[in-house]
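One structure is given below, encoded as structure tokens.
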Amino acid sequence: MSIAAETAGSGAQRDRARFSGLYADVESYYSARVAEFGATPRGVDWSCQATQELRFVQLLKLCDFSAPFSLNDIGCGYGALCAYLARRHPQAVIDYLGTDLSLAMIRRARRRFSAPGRRFKLARGSPRVATYSVASGIMNVNVGSSRPSWEAFVAEMLTDLRRASERGFAVNFVTGTAEADAAGVQLYRTSPGPWIRYCERELGCTVSTVEGYGMDEVTLLARCNAA
């Protein structure tokens with residue numbers, strides 16, 4: 001059965017009723033991480049800055065840096081993408097909005113990176129439509145729900161990304177086996193096929209993938225087709 005079929009009908013309505021609890025669990029998890037590790041890659045559950053930024057490279061392949069654009073960074077954490085953009089694309093004109101569930105994350109991001117053209121907001125998704133949206137890692141740490149419930153949650157997040165994106169959005173997923181998962185962390189591992197089909201058939205996107213960058217991951221670049 002397809003992802004769309006699994007998340008359709010009355011079951012989807014029941015899952016939607018549970019989303020508030022899932023959002024609360026995700027917020028608690030990441031607020032605890034940043035309290036323990038501070039504004040560092042480990043504070044957002046990445047192992048180091050090098051791998052964190054390698055993910056940014058793949059996600060930003062969606063964007064055309066030759067012209068000004070607006071960017072939603074969903075699940076922005078403490079704002080690491082801002083530092084990366086400033087260092088690697090200093091001439092780019094970007095209207096950046098970072099959103100996160102965790103107030104602790106947003107406070108750190110505002111202290112470090114708030115500036116003209118850079119804003120941070122406590123929110124589940126994005127309150128605006130931007131040229132592009134990116135989301136690094138927000139689909140990958142299952143905070144304890146069943147796999148069907150988590151997949152309904154992922155489908156909802158992808159749908160929200162589509163609503164918030166004029167030209168396209170980019171996300172990453174963990175692949176491979178569960179053998180390397182750290183103790184106490186339940187990663188959501190998946191093949192990209194079902195989510196490519198979901199983005200194409202349900203969200204009206206054209207999807208390309210980026211693989212082979214040294215991690216058990218795949219990045220989906222979903223470009224929005226005209227209605």
Residues in region 158-167: is at least one in contact (Cβ under 8 Å) with a residue 12 or more places away in the chain and on the phi > 0 side of the Ramachandran plot?
-> no
Evaluate region 167-187: report whether one residue or more is among the charged types (D, E, K, R), surrounded by 13 or more Cβ atoms within 10 Å (Cβ to Cβ) and touching a helix residue (DSSP H, G or I) at 6+ places or on another chain (Cβ under 7 Å).
-> no
Number of the condition not met by Arg201 [criteria: (1) within 23 Å of Gly77 (Cβ to Cβ); (2) modelled with pLDDT of 90 or more; (3) not hydrophobic (A, V, I, L, M, F, W, C)] | (1)
Of the residues in region 111-129, those that are over 15 Å from the mean Cα position of the chain (by Cα), within 24 Å of Leu203 (Cβ to Cβ) and of a type in the set (A, V, I, L, M, F, W, C) come to Val129
Does region 89-99 include one or more residues that are buried (at least 19 other Cβ atoms within 10 Å of the Cβ) and within 20 Å of Ala24 (Cα to Cα)?
-> yes
Spot the failing condition for Leu59; the list is (1) out of contact with any Cys (no Cβ under 9 Å at 6 or more places or on another chain); (2) modelled with pLDDT of 95 or more; (3) under 18 Å from Leu161 (Cα atoms); (4) surrounded by fewer than 22 Cβ atoms within 10 Å (Cβ to Cβ), and only one is missed.
-> (4)
Any chance you could count how many residues in region 127-152 are assigned to a loop (DSSP other than H, G, I, E, B), of a type in the set (Ser, Thr, Tyr) and crowded, with 21+ Cβ neighbours inside 10 Å?
-> 1
Quick one: how many residues across region 48-76 are within 18 Å of Arg119 (Cβ to Cβ), in a loop (DSSP other than H, G, I, E, B) and either charged (D, E, K, R) or out of contact with any strand residue (DSSP E or B) (no Cβ under 6 Å at 6 or more places or on another chain) (or both)?
-> 1
Which residue pairs have Cβ atoms closer than 7 Å, lie 6 or more positions apart in sequence or on different chains, and pair a first residue in region 122-136 that is over 20 Å from Gln58 (Cβ atoms) and free of Cβ contacts under 8 Å to residues at least 40 places away in the same chain with a second residue that is in a loop (DSSP other than H, G, I, E, B) and small (Gly, Ala, Ser)?
-> Val129/Ala164
When every residue in region 110-120 that is free of Cβ contacts under 8 Å to residues at least 40 places away in the same chain and either within 23 Å of Asp160 (Cα to Cα) or of a type in the set (A, V, I, L, M, F, W, C) (or both) is compared, the one surrounded by the fewest Cβ atoms within 10 Å (Cβ to Cβ) is Ala115
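The values are calculated or read from the model by the stated rules, or taken from the named source; none is laboratory data. All of these numbers come straight from a predicted model, not from anything done at the bench. Every residue, glycine as well, gets a Cβ built from its backbone with ideal geometry; the counts of neighbours run over all protein chains shown.
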